Amino acid sequence: MFQLLKNSMYVFLGACSFGILSTIVKVAYGKGFEFQEVMISQIGTGWLILLALMLLFGRVKITLRQFFRLAGVGCCTCLTGVFYYLSLQSIPASIAVVLLFQFTWMGVVIEAIVHRTRPSKRSIVSVAILLLGTVLAGGVIGADHLQLNWKGTLLGLAAALMMALFVFFSGRVETQMPSVTRSFYMSCGGLLLLTVLFTPKVFVEVTPSNGLWFYGLILGIFGVVLPVLLFALGAPKISTGLATILGAGELPVAVIVSVIILQEHLAMLQWAGVLIILLGIAYPQITGYRAQASGKG
């Protein structure tokens, strides 16, 4: 049980690190930086840090096939950010968050399809709790003039699917390889993808004078290095469904950080949503522990 809790904590902390990104991105936008600049600085800085870590701690020869498999996983997490940030251009942030967090049930469904089994009652209850908490924490209830369009909605759901796939493949692709090595080659995939998507704007001048390096450093650490490393450590040793549920830790952190740094006001319903999400994350852990203690699981 201790190993399960330890690996679950790795995944939970990895998800929490994702939660810091939205606030930092908003601050960077406020300083006049564009979407492409922020994304490149995030992925590029994360790649450099992981390169240094790999050279120090994880030099392992890999085949071309292994490289493409790991790079593909990196493309999933990269596309999560791209689709999510693009969705924010045409739909309210509250709706975009709710759409992104559809990855919770998507991950459970992916696991059920792959293993050809029904989702456990524990997972279904947990996902239901998470979705309720997400709607409340996202500020959808009580919001005025919510506007949807098909493009923004599809982009939000695409971000959710990419997030679910990232969690799924993080626990399955080249798991025998050192975590630092896996993480570095995943980041290679994200960097290569951005190079293709943003050319010719890919060559961004990141200098101390324009300040982008500072935001890139924070985003690179919390958006690439920590989550990819922590998911690489924990996801292979727990089920995809549980890893997806733990991934919901991103939203409470995003909400709390926005209050601290951006001084955003949260209604009581939103705080209630944060608590409900934390309950939904803890539910499978608590019920699993009780089942094991009673000899039923």
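What whole number of Å gives the distance from the Cα centroid of the range 157-179 to the Cα centroid of the range 1-44?
First find each Cα centre; the distance between them is then 16 Å.
At 222 nm, what value in deg cm²/dmol follows for the chain if DSSP H runs of at least 4 each add -39500 (n - 2.57) and the sum is divided by all its residues, to the nearest 500?
Values: 14 runs with 218 residues, N = 297.
Taken over the chain, the calculation gives -24000 deg cm²/dmol.
By its C-alpha gyration tensor, with a ≥ b ≥ c as the square roots of the eigenvalues, how is the range 1-141 shaped: rounded for a/c under 1.5, else prolate for a/b larger than b/c, else oblate?
Cα axes put the range 1-141 in the oblate bin.
Taking the structure as given and computing Cα extents along the principal axes in Å, which label from (1) 59, 54, 33; (2) 71, 55, 37; (3) 61, 37, 36 fits?
(1)
Among Gly58, Phe18, Gly32, pick out the residue whose Cα is farthest towards the positive end of the charge dipole of the range 13-69, where Lys and Arg carry +1 and Asp and Glu carry -1 on C-beta, about the Cα centre.
Final value for the positive-end residue is Gly58.
Quick one: putting +1 on the C-beta of Lys and Arg, -1 on the C-beta of Asp and Glu, what dipole do you get for the range 1-152 around its Cα centre, in Debye to the nearest 20?
With Lys and Arg at +1 and Asp and Glu at -1, about 680 debye.
Relative to the Cα centre, what is the charge dipole magnitude of the range 1-68, using +1 at the beta carbon of each Lys and Arg, -1 at the beta carbon of each Asp and Glu, and rounding to the nearest 20 debye?
280 debye
What is the dipole size for the range 62-192, taken about its Cα centre, with +1 at each Lys and Arg Cβ and -1 at each Asp and Glu Cβ, in debye to the nearest 20?
Charge dipole of the range 62-192: 460 debye, to the nearest 20.
Between Asn149 and Ser90, what is the label-point separation in nm under the 7 Å Cα-to-beta-carbon projection?
It works out to 0.6 nm between the two label points.
Rounded to the nearest 10 Å², what accessible area does Thr104 show when all protein chains are kept and the probe is 1.4 Å?
Surface open to solvent at Thr104 totals about 0 Å².
Provide the gained length on full extension for the span Arg116 to Trp213, in nm with one decimal, where the gain is 0.36 nm per separating residue minus the Cα-Cα distance.
Between Arg116 and Trp213, full extension yields 30.3 nm more.
Identify which of Arg69, Arg172, Arg116 has the largest mean-square fluctuation in a Gaussian network model of the chain, with springs joining Cα atoms closer than 10 Å.
Taking springs between Cα atoms under 10 Å, the residue moving most is Arg116.
Pick from Val27, Val274, Val108 the residue whose mean-square fluctuation is largest in a GNM of the chain, springs joining Cα atoms under 10 Å.
Largest GNM mean-square fluctuation: Val27.
For the chain, please report how many Lys pairs fall under 27 Å Cα to Cα, leaving out neighbours fewer than 8 apart on the same chain.
Here the count comes out as 11.
The values are calculated or read from the model by the stated rules, or taken from the named source; none is laboratory data. As the structure is a prediction and not an experimental result, all values here were calculated from the model. Cβ: placed from backbone, ideal geometry, glycine included. Neighbour counts: every protein chain shown. When the accessible area is computed, the model is the full protein with side chains, heavy atoms only, and any ligands, DNA or RNA have been set aside. Shrake-Rupley method; radii C 1.70, N 1.55, O 1.52, S 1.80 Å.
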